[in-house]
Amino acid sequence: MKPEMYKGMPAVFKRRDGNFEIKILVTGGMLAPGQVKRVGEVAEKYGAMVHLTVRQEISILGVPEERLDSALSDLEEVGLAPGSAGMTFRNVVSCLGEVYCFKAAAETTDLAKEIGERFTGEKTPGPLKVGIGGCPFPCTRPQFNEIGIMGRVRPELDLEKCTGCGKCVEVCKVGAASVVDGKAVIDYDKCVMCGRCVVNCPVGARYTAEDGYMVFVGGRGSWPPHEGWMLRDFVAREDILPLIERILEVYRESAKPGMRLREFINTIGFEEFKRRVGSPETEKS
């Protein structure tokens, strides 16, 4: 049985206790202090409990139907609105990225905001979820989203600066760093481009030669879980939004209503999907 929605809003719906839930849209897991305060005030005044969803949104539970309009109005005053639900481009999940995290290889929160402002709420054939991770060891598990974005850096080595201290070997999680004849060596066949050697090099011998993002498509976190296909192994920041736009175009052109992105890709094959999305040169032309 589908939950009863309030005034057609899929993110405001009746729960089993007979009261309503307001699921608030949060992009990249980021809220201003005043917004957090207002959530607490609204929950205390109109509801019962606050729930943190697995996709970084906030739900206010236990709101009686006759108090919904007042609660929604109070939230709107601080820029908070009901969240994403249904057959739409959902809220964007993100880790903290390089602005806050020492381990991150790329910026994430501003990118999440840009993607959210451009796409969140748009109609899609099926639910479409996006996750962004700032490094190849991502706490947000972007591979298990319809579109997953993972930060990467390609490290280079300045042999004149390298002292052979071995710090890069110590921090490398995949055995791609070694010291040979007193100098560091990078095995690019093993390197996952996480950037930890760059961040931790005490003399700056390691540096970022190129940074960008790996992009996955067709992941799914619910049962049964599926890891997505790698669509691109290195995408520049400025090319992320155009690539998402193209993915959505291909998806909308042929997918049946209710069909999730993974199901659609399975019907035509990943290589055909990749061909339809096109090359980076195609997107820029």
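Quick one: dipole size for the range 154-211, taken about the Cα centre, charges +1 on Lys/Arg Cβ and -1 on Asp/Glu Cβ, in debye to the nearest 20.
220 debye
Which residue, LEU241, VAL215, ASN19, has the largest displacement toward the positive end of the dipole of the chain when charges sit on each Cβ (Lys, Arg +1; Asp, Glu -1)?
So the residue furthest toward the plus end is ASN19.
How big is the dipole moment of the chain about its Cα centre under a simple scheme where the beta carbon of each Lys and Arg is +1, that of each Asp and Glu is -1, and everything else is neutral? Debye, nearest 20, please.
I would put it at about 680 debye.
For the pairs LYS103/LYS129; LYS14/LYS274; LYS2/LYS256; LYS2/LYS45; LYS113/LYS183; LYS129/LYS167, flag any whose C-alpha to C-alpha distance is greater than 32 Å.
Beyond 32 Å: LYS14/LYS274; LYS113/LYS183; LYS129/LYS167.
Once you sort the root eigenvalues of the Cα gyration tensor of the range 241-283 as a ≥ b ≥ c, which label holds: rounded (a/c under 1.5), prolate (a/b larger than b/c) or oblate (the other case)?
Oblate, because a/c is 1.5 or more while a/b does not exceed b/c.
Within the range 184-216, which residues have the backbone N less than 12 Å from the label spot 7 Å out from VAL171 along Cα→beta-carbon, could you tell me?
194-208
Pulled fully out, how much extra length does the chain show between ARG276 and CYS101, if you take 0.36 nm times their separation in residues and subtract their Cα-Cα distance?
Separation in residues times 0.36 nm, less the Cα-Cα distance, equals 59.4 nm.
Can you work out D for the chain in µm² s⁻¹ from Stokes-Einstein, where Rh is the Kirkwood radius over C-alpha pairs, the temperature is 37 °C and the viscosity is 0.692 mPa s?
The calculation lands on 158 µm²/s.
Give the shape of the range 5-76 as rounded, prolate or oblate, defined through the alpha-carbon gyration tensor: a ≥ b ≥ c are the square roots of its eigenvalues, a/c under 1.5 means rounded, and otherwise the shape is prolate if a/b is larger than b/c and oblate if not.
Verdict is prolate for the range 5-76.
If you consider only alpha-carbon coordinates, what radius of gyration and Dmax does the range 108-229 have, in Å?
So, for the range 108-229, Rg and Dmax equal 17.7, 58 Å respectively.
Given charges of +1 on the Cβ of Lys and Arg and -1 on the Cβ of Asp and Glu, with all other atoms neutral, how large is the dipole of the range 1-153 about its Cα centre, in debye to the nearest 20?
Using Cβ point charges on Lys, Arg, Asp and Glu, the range 1-153 gives about 520 debye.
Are there trypsin sites (Lys or Arg not before Pro) in the range 113-173 that DSSP marks as loop and that have at most 15 other Cβ atoms within 10 Å, and which are they?
LYS161, LYS173
Could you work out [θ]222 nm for the chain from helices alone, using -39500 (n - 2.57) per DSSP H run of at least four and dividing by all its residues? Round to the nearest 500 deg cm²/dmol.
Rounded to the nearest 500, it is -8000 deg cm²/dmol.
Exactly which GluC sites (Glu not before Pro) in the range 1-98 are in a DSSP loop and have at most 15 other Cβ atoms within 10 Å?
Of the GluC sites (Glu not before Pro), the ones in loops of the range 1-98 whose Cβ has at most 15 other Cβ atoms within 10 Å are GLU4, GLU77.
Taking chymotrypsin sites (Phe, Trp or Tyr not before Pro) as candidate sites, keep only those in a DSSP loop with at most 14 other Cβ atoms within 10 Å, then name the longest stretch of the chain containing none of them.
1-99
From the residues TRP229, CYS201, GLY278, which one has its Cα farthest along the dipole of the range 170-285 in the positive direction, the dipole being from +1 and -1 charges on Cβ of Lys/Arg and Asp/Glu about the Cα centre?
TRP229
All of the numbers you see were taken from the coordinates with simple rules; none came from a lab. Remember, it's a predicted structure, so these values are computed and weren't measured experimentally. Cβ coordinates were reconstructed from backbone atoms using ideal geometry, including for glycine residues, and neighbour counts include every protein chain displayed.
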